[in-house]
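I have placed the structure first, in the form of structure tokens, so that the comments after it can refer back to it.
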Amino acid sequence: MKAVPYVLEQYDFHWLTEDECKTNIAKHFKKYKAVDNPVVIDMLRVKGEMELDETIRRFKTPCHILYLLNTDIDDPQSIEEKSSRKEYMKIGGSDFMADFLQGK
């Protein structure tokens, strides 16, 4: 949870709030609250550490991070609404995809 501000800054997710992300990360933890086998608990802990390490080292693409931070990832409309300027689609300050599709 302490890494959320860093991840939001590094991946430039300015439209997501820290509280929203922390709530969604907590949902991932709560999925496994009924697990009581020590071996499985240890495996889940190690997998969580690996996820965090890969995220901080920027081995993950933005879509992987959005899946973890935003439960609305399956609804592209919600992401589009949250991003007023759609900067996550721009490369180098230009609207790359629109220019590409227009043959520029």
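Structural remarks
- Cα-projected label distance for ASP99 with VAL46, points at 7 Å along beta-carbon direction, nm: 4.6 nm
- Annotation for segment 8-60: chymotrypsin sites (Phe, Trp or Tyr not before Pro) lying in DSSP loop with at most 16 further Cβ atoms inside 10 Å of their Cβ are TYR32, PHE59.
FYI, it's all coordinate maths here, none of it is from the lab. Because the structure is a prediction, the values reported are computed rather than measured. Virtual Cβ from ideal backbone geometry, glycine too; neighbours counted across all protein chains shown.
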